[in-house]
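Values in this text are rule-based calculations from the coordinates and carry no lab data. For clarity, every value in this text was computed on a predicted model and none was experimentally measured. Here Cβ is always computed from backbone atoms with ideal geometry, including for glycine, and neighbour counts include all displayed protein chains.
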Amino acid sequence: MTTIAPEKVIAPQKQWQGQSVPRKEDKRLTQGQGVFVDDIKRHGMGYLHFVRSPYAHAHITSIDVSKAEEIKGVYGTLTGEEVAALTDPFFQIASEPGGQIKDFALAVGKVRYVGEPVVAVVADTRELARDASELVEVEYEPLSALVDAREALKSDAPLLHDDAGGNLMWQGTYEWGDLDAAFAEADRVVKIEELHFHRFNSTPLECDGALVEFNRGTAQWTIHTNNQFPGFAAIMMGPAMRCGLDKLRFVTQDIGGGFGNKITSHPQLVVCCLLARKLNRPVQWTEWRTDFHMSMSHGNERWFQDTEVAVKADGTLLGFRTKALDDAGAWLRYEPLGGVIWAQVTPGMYRWRHIRVDFTQVATNKAPVSPNRGYSRMQHLWFTERVIDIVARELGLDPVDVRKRNYVRAEDMPYETPNGCIYDSGDYAQMLDIALELIGPVEERRADAKARGKLLGVGIGSTLDSGTNNFGQSRLINPELQFSGNNEVATVKLDIFGEIVVTLGTTPQGQGHETTAAQVVADILGCSMDDVHVRAGHDSYWNSHAGFSGTYASQFAVTGLSAVKGATEMLAVEIKKLASVIFGGVPAEALELAEGGVRIKDNPEAFLPFMACGAIINANNAGLPEDLDVTLNCRYVYRPPFEVPDIERKFGNLTLTYAAQIHVAVIEIDPETGYYDIVDYAAVDDCGKRINPQIVEGQVMGATAQAIGAAMHETYEYDEDGNLLTPNFYDYHVPHALDMPPLRTGFIESPSPFTPLGTKGMGEGGGAGIHAVCAAVQDATGKIVTDSHNPYQRVWELLQ
Amino acid sequence: MLLREVEYAKPSSVAEALGLLAADDGARALAGGQTLVNVMKARAASPDMLVDLNGLEELRGIELAGDGTLSIGPMTTYTELMESVEARARPILGEVCAQIADVQVRNRGTIGGNLCSNDPTNHLPPLMAAIGARMTIRGGDGERTMGTDEFFLGVYMTAVGPGELLTRITIPAGKHDGFAAVTLGVDGTCIVNAAASANGSLRVALGCVDAVPVVVEAESPDGVRAAVRAAGIDPPSDVHASSAYRAHLAEVLAERAARQAVEKR
Amino acid sequence: MDVAVTVNGTLYERDVEPRKLLIHFLRDDLDLTGSHIGCDTGNCGACSVIFDGKLVKSCMLLAVQANGSSVETVEGLSDGDEMTALQQSFSDHHALQCGYCTPGMLMSATALLRAKPSPTDDEIRKALQGNICRCTGYWNIFEAVKAAGR
Amino acid sequence: MNLSGERIFAAPRAVVWQVLNDPSSMAQVMPGVEGFDIHDDRRWTANVKIPLGLGGLKMKVDMEKSEEREPEFAKMAIKGSGVGAMLNMVTSFDLQEAGDSTAMKWAAEVKIAGPVGSMGQRVLQPIVNQQVEHVLNALELQVQEALKATG
């Protein structure tokens, strides 16, 4: 692998931040000592198995669980009717009409997608639970299925939700600037009839799961799970289960990947809770791969129709209008937030000022969608990148020139987009140069490929990875909602033996929070990061956590680490306060923290180790001044600077930071078969100040692999009856070792002016790979690419 | 995961295995299990009893006769075939086995299992059809030996009946063979594959386009595409390829396999 | 059915249903939860173990088939508390993120390095083809194995 | 998936009709029938095991006659479950006298529901074809026996 680092970056010296230190997490994970949800056992626990719908759309005419319950070793069952009696429908984020639908933890009266949980069975072994689930008799009256979002609003379309009165879930018009003026000024109007962004997700290798205990005495549930956003699960589950949020204790340690796909497991968690209470025993649920593919968190499938682009003859982009049609699947589990999240990156990386998007989201008889790495922005950024390459082709211009002419420029930063988002910093043109330099000249390679009967193509993908949400954007979807801003919390304390302990509200799934948090703490306290103990995982009872705690939406480096920084600085102040007393009134300014203790700058011999500080405050505090308010146990909540957006104009800053990625893919197509390989690849990243460069690069490479898989192979394809045709890794081909192209990486660092550490959230920028592969296919075939998924057959068809 | 209840027996001789298979028409032979166990996880096919053939030495081993004929025990794993000195007498065998799945599967999966499951996407049925392999089946009333045209009957259906086992695969001498496939990802599941043999006449066998391998013959590689067209195949469609695309790939890959075979002359 | 299996040098005797897969036996019956389950079709390799000296996926073997056999899992790689050179190399090269595929990946790499102490790049890729990782993009894993091999 | 075909039986229409509408003789026709329950003259349930190399596909098959016009037309809804997916089939047959033989036009619409995947897609058609052939041949035999019985 080649890596390019621009000269202007000076590698940080003599501090933990900025160093690629190995991770604290690695020892337990490489020795098989991690604790993942399915590793947890409890005495007398029962295993839960879901009876799932074989139909995409059907009335449930009868359910008979008696044969299942008769079996020895079967503890009990739960049906939709019981759920409807014991819980209220989940709170809906949507305004009308989607807000009307009634969503329960199990299907009630009707099933709406293949794989939808209908009945839950609990037994004393996994195998027996599945045996018994086969004895549950469910009678269905099949209905015709709606699988194409474009049919959803037709009068004769099958109707999923009577309560909503139609398949329309949410609709909104976004318009900024002066479209008429832009199109009047345009030399050319490029029209694109239809673009399609396909359905896939990140398929974390560990599927969802839980072990739930109910404490009868306190009426409190302990939910060991791998849900990656417990704060969200809690506000969904509490009201539905008619209990206070403090009755729901979420505990996670190691999570086997999330990528957003583990945010919406709350319906299954509710089923586990109800059964743990009903059966008075711990209930364990493991989601298997086929279950996950059929029912969990597909990425938003989106159509862009009747697109018109106003452009000058020299390739200057003025504006565009399009109609976005989003396929939400059967339920709104996090939707319709996808209807606004894209607006964080409305103009993509470009300077056009006049934009209109008519956004419509509909329900279909497919698995519910919810966040997937790059959530909703990826679809929109793919669209803007497709537009750039199609415009370049129509005008006979070089895609590189069109990009450079229209990219937001370094000197424009911070840049306010037409909808009021603030791009904090960056230099996209420089990133593109680095990427092209990594690839080197291609014309010779093009000729060489031709000589071998192959078609070579080069494609660029630019993306923004907007991080740290302003949850106020949810009000653009539903003005009634009372969400805004964001927060994360950390507690840093000095224990009796001088142990530095950090607790976080986050739920890492491989991002290395224990390591990067320790790097930040060690720099502030002047100690070794080996002396910093960051508690693994999340515990909503014993670790500090805040309303938006979790690990999602590219924000830890901003929200999490800023909270850690804040708490550690508070602790540093307290340590100095204490020391100045111990040193007999030496002013705090005369003290410094170093080598695991506090000392007098001019007299380093006067040294008080942290161990002494911890011991004094915790166990030896007699005689300390009354007014010394020092606990050495500091909690800090980081709150990013946000305003509530202007709901009328749909205007305001929706995210705090904008990391950027520019990828370049080089492919070779075998024109006879459509088979193609990625023969060279460059990924350049800018996420501001990097706390641990190796972890950042790991995110870049991993996201790239996912993008390559999505572009070439991964798709959730349904037949006309709504059967999922890619229900497992046999048909849903994710990249393996032999599929990986050579990968060259580069980076620049444009510190964010808006964050305490100059960091930007990152990790979701991999979408660039999809854009780049699409562009490369277009370059190689000379045919306009209109779909984000290009398997061999589609490439072959392009060439016919 | 989570199979249905099943009985398990581990016979110590082929005779005992045949007895167990004959005694219960719900009994099935368990070879490498790299297909069967996955089908059982899905709770699709459900044998009542698994008769584990692992450990039956009679069903292993690769012998090379003086005339270059290879005799292969069906319980030979892909890895064993790849590493076998004898098997190099027919190099294509090791070359194709190296493309099947991954190390773990090749360490466990067997030649016999690949042939007897006869999944249309398997590599070996078309290969065996092209190189003229002969299969020996043993049952209660003795042995019979047949070519692939009689052996492969349908999807997951072969001439190996209840109470019978594939006991030997015999492969004639030859070095001029080829194999071409378009797979899902590098060395993934075959979308279409083709095997060719140019030892004497030019024979090409196509996989993934019908319930059994489709064999065509031609004078030279130039005639192969026409021969495939003449065979009038009507391949199945699935999420990975339409019938038309498969039919097209069949022609292209048949010719490529044929050229490889001929070029090795 | 009674089985006697040696796992990481320890003999375990248990009574299991014939239908129980080896991976469930290791995880649920023996509490060796280092080996993981990432699919239900034998594709992902998270359950890879070394079975009588050969690398296999323990989700495509029945526990009863392991009777009299010896199995090595990730828990047995390092003797004592120290990380092995391979484990250390994975950490040094950031060859793991969530760590879920890592045990299977380590078993595949271990099998490779036993057979080929200094594998080529192609040999490394081929050896890891049966192990899916959704976090790392594989490159750091290739480098970790290569470094451990030198 | 739609299938159809025509078959000539060397027997009078009444005999063919009787065979097609007699559950017990239908039991002889279907592949690997292990058990058969007759609920009433319109509804039967069979437990079948379709033999495959990998082990039988064990299915519970519910049949309901949805339409009939004796002696020429009948339509049946058939639902098979137990193989990890649901197999739904609507089949109809149309009997015409052709001299002293009977011509049967038959049609079947087969739908599979559940996590089929490409294997299900690829494999369903050939397996159904394999079984249809089996059923028609068995039917032939039943008709001949019925003919003998009626003398």
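Some observations on this one:
- Global dimensions of segment B:140-246 from alpha-carbon coordinates: Rg and Dmax equal 15.8, 47 Å.
- Per-residue shielding of A:697-707, expressed as the average number of other chain Cβ atoms within 10 Å of the residue Cβ, stands at 5.
- Segment A:60-125 and segment B:156-203 have Cα centres separated by 48 Å.
- Segment B:57-171: Cα Rg divided by the 2.2 N^0.38 Å rule of thumb: 0.99
- Residue-averaged beta-carbon neighbours from other chains (10 angstrom radius) around C:55-67: 6
- Only alpha carbons enter this Debye calculation for chain B, each as an equal point scatterer, and the log10 of I(q)/I(0) it gives at q = 0.11, 0.14, 0.15 Å⁻¹ is -0.58, -0.95, -1.08.
- Among the listed pairs D:Lys58/D:Lys79; A:Lys565/A:Lys689; A:Lys577/A:Lys601; A:Lys404/A:Lys783; A:Lys278/B:Lys41, those beyond 21 Å (Cα-Cα): A:Lys404/A:Lys783; A:Lys278/B:Lys41
- Taking a sphere under 13 Å around the Cβ of C:Val7 and counting the other residues whose Cβ falls inside, with K and R at +1 and D and E at -1, yields a net charge of -4.
- Placing pseudo-labels 7 Å out from each Cα toward the beta carbon at A:Asn215 and A:Lys404 gives an inter-label distance of 6.4 nm.
- Anisotropy class of segment A:451-565 from Cα gyration tensor, a/c 1.5 cut: oblate
- Tensor-based shape of chain A (alpha-carbon gyration tensor, a/c under 1.5 rounded, otherwise prolate or oblate): oblate
- Segment A:171-227 and segment A:367-431 have Cα centres lying 18 Å from one another.
- Candidate membrane-span-like segments in chain B, meaning DSSP H helices with Cα atoms spread over at least 24 Å of their own axis and a Kyte-Doolittle mean of -1.0 or above, are B:243-263, with no membrane implied.
- Ordering of A:575-584, D:63-72 by burial proxy (mean other Cβ atoms within 10 Å per residue, highest first): A:575-584, D:63-72
- Percent of beta bridges antiparallel (DSSP, segment C:2-76, rounded to nearest 5): 85
- Here the Kirkwood formula, the inverse mean of 1/r across different C-alpha pairs, assigns segment C:2-76 a hydrodynamic radius of 11.9 Å.
- For segment A:695-738, GluC sites (Glu not before Pro) are listed when DSSP marks them as loop and at most 12 other Cβ atoms sit within 10 Å of their Cβ; the list is A:Glu720.
- Per principal axis, descending, Cα span of segment D:2-150 in whole Å: 47, 29, 28
- Neighbours of A:His733, meaning other residues whose beta-carbon lies under 10 angstrom from its beta-carbon, give a summed charge of -3 when Lys and Arg score +1 and Asp and Glu score -1.
- Here is the tail figure for segment A:349-411: Cα pairs spaced more than 17 Å apart come to 57 percent of all pairs.
- Dipole axis of the protein assembly as shown (+1 Lys, Arg; -1 Asp, Glu on Cβ), positive-most option in A:Gln284, B:Ala227, A:Phe583: A:Phe583
- Quotient of C-alpha Rg and 2.2 N^0.38 Å, computed over segment A:539-696: 1.66
- P(r) tail, the protein assembly as shown: Cα-Cα pairs separated by more than 46 Å, 40% of all pairs.
- Fraction in percent of alpha-carbon pairs per bin - 10 Å, chain C: 12, 43, 33, 12, 1
- When every Cα-Cα distance of segment A:671-734 is counted in 10 angstrom steps from zero, the calculated P(r) takes the values 16, 33, 29, 17, 5 percent.
- Normalised contact order of segment B:57-171, rounded percent, pairs of Cα under 8 Å and 6 or more residues apart: 26
- Restricting the calculation to Cα atoms, segment D:1-59 yields a radius of gyration followed by a Dmax of 14.0, 41 Å.
- Residues C:His93, A:His533, ranked from the fewest to the most other C-beta atoms within 10 Å, line up as A:His533, C:His93.
- Anisotropy class of segment C:85-149 from Cα gyration tensor, a/c 1.5 cut: prolate
- Computed P(r) (all Cα pairs; segment B:7-52; 5 Å bins; percent): 6, 24, 31, 23, 12, 4, 0
- Among A:Leu128, A:Pro142, A:Gln100 the positive-end extreme of the charge dipole of segment A:96-150 (Cβ point charges): A:Gln100
- Dipole magnitude (debye, nearest 20) for chain B, charges at Cβ of Lys, Arg, Asp, Glu: 540
- Per the Debye formula on identical point scatterers at the alpha carbon atoms of segment A:319-388, with no solvent, log10 I(q)/I(0) at q = 0.15, 0.19, 0.25 Å⁻¹ is -0.49, -0.75, -1.15.
- Of A:Ile263, A:Ser62, A:Val637, farthest towards positive along the dipole that unit charges on Lys, Arg, Asp, Glu beta carbons give the protein assembly as shown: A:Val637
- At R0 = 22 Å, FRET efficiency that the Cβ-Cβ distance of C:Ser69 and C:Asp29 yields, to 0.05: 0.90
- Bridge type composition, segment A:641-763 - antiparallel percent by DSSP, nearest 5: 75
- Springs join every pair of Cα atoms under 10 Å in this Gaussian network model of chain B, and among B:Asn114, B:Asn199, B:Asn122 the largest mean-square fluctuation is at B:Asn199.
- Between C:Gly104, C:Gly137, C:Gly45, the residue with the greatest mean-square fluctuation in the GNM of chain C (Cα pairs under 10 Å linked by springs) is C:Gly137.
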